[in-house]
Amino acid sequence: LVQTQNSLLMGPRGCGKTTLLKMLTPEAIAYWRDVRLKEEPALEATMALPEFTAIYIPSDTRWAYELEGASRLSQTDGIPVARAQRVMVALSSLHEALGVFEGLIGDDIRLDQGVALALADQWRATRVVPTLGHLRLRLQTHASDIRSRLNLGRVEALHEALDALPPSWSAHALDALTGTCAAFEATVPKRMRPKRWGLCFDELETAPEWLQKELLTSLRNVDQRFLLKLTWTPALPQLFADENRAPRDTQD
């Protein structure tokens, strides 16, 4: 996982996939360097450190089932369920990215404001205090607003809310995230720019099918500045899941 390449980590639930992904994050790396290695210097030889900055993105089960009820209405009421779901994934990814940016910037208030202004311009965010913290709050507000309009079945209001957001938020699964990382790189000094970004999507088995397909396809085609680190709990084939079906010949 720490190597400079794309990775797909598969295994059953509870085997430690999430823990491994979280060990790639800046917070975990800092703890490893500043605490563990000082306590046990011999550990330094046991783990190579990644040459990328990781953004950990947990899979939110709401991505898959939260819009299920609204999807039943989409054929008759025109609710843009797929588009809303893409925006919700983008909002969650960007929220995690801003947390990483804050850690990289530290206490440099002017730099925090500079990055926030660049992102506010990119995101069409008006009337917002130019700090990364306030931008994170704005992302949470967008998510709550979309959920509310979905639950109330306010189709026109939902269209209006989605139209006001950047097009990249409802485009390819990686567009919003990679564009935001590029804006960060363009704003901060060269010494603070990561060599690469590790985009760590956890528990893809609970994610929507379109997200699974786009991320797996991107393992071969993503920009080399971005590494994908994905985890997946493979589901058993239907043959084994259906207890009522007689077993087939092993050659099948």
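The values are calculated or read from the model by the stated rules, or taken from the named source; none is laboratory data. Bear in mind that the values here come from a model prediction, so they are computed numbers and not experimental data. Positions of Cβ are backbone-derived with ideal geometry, glycine not excepted, and every protein chain shown enters the neighbour counts. The area values use the complete protein model at the heavy-atom level, side chains included, leaving out ligands, DNA and RNA. Shrake-Rupley method; radii C 1.70, N 1.55, O 1.52, S 1.80 Å.
Net charge around G103, counting only other residues with Cβ within less than 15 Å of its Cβ (Lys, Arg = +1; Asp, Glu = -1)?
Spelling it out: positives minus negatives among the neighbours equals -3.
With Cα Rg over 2.2 N^0.38 Å as the read-out, I listed (i) 1.03; (ii) 0.96; (iii) 1.14; which label goes with the value calculated from this structure?
(iii)
Using protein chains only and a probe of 1.4 angstrom, how many square angstrom of W123 are accessible, to the nearest 10?
Surface accessible to solvent at W123 totals approximately 10 Å².
Determine the per residue accessible area of the chain with all protein chains present and a 1.4 angstrom probe, expressed in square angstrom.
Here the residues of the chain average 56 Å² of exposed surface.
Can you list residues from other chains, or at least 5 along the same chain, whose modelled amide H is less than 5 Å from the amide H of L227?
Hits under the 5 Å cutoff: W197, G198, L199.
Please report the net charge: other residues with Cβ closer than 13 Å to the Cβ of L135, K and R +1, D and E -1.
With Lys, Arg at +1 and Asp, Glu at -1, the net is 0.
Count the net charge of all other residues whose Cβ sits under 13 Å from the Cβ of T231, scoring Lys and Arg as +1 and Asp and Glu as -1.
Value of the local net charge: +1.
Largest first, what is the accessible-area ranking of D223, D145 with a 1.4 Å probe?
Most to least solvent-accessible, the answer reads D223, D145.
Might you work out the accessible area of T217 for me, using a 1.4 Å probe with all protein chains in place, and round it to the nearest 10 Å²?
80 Å²
Rounded to the nearest percent, how much of the accessible area of the chain (1.4 Å probe, protein heavy atoms only) is carbon and sulfur?
Taking all protein chains in place, the chain shows 50 percent carbon and sulfur surface.
What dipole magnitude, in Debye to the nearest 20, does the chain give about its Cα centre under +1 on Lys/Arg Cβ and -1 on Asp/Glu Cβ?
460 debye
What number, rounded to the nearest 500 deg cm²/dmol, is the helix-based mean residue ellipticity at 222 nm of the chain, given -39500 (n - 2.57) per DSSP H run of at least four residues and division by all its residues?
That calculation yields -15500 deg cm²/dmol at 222 nm.
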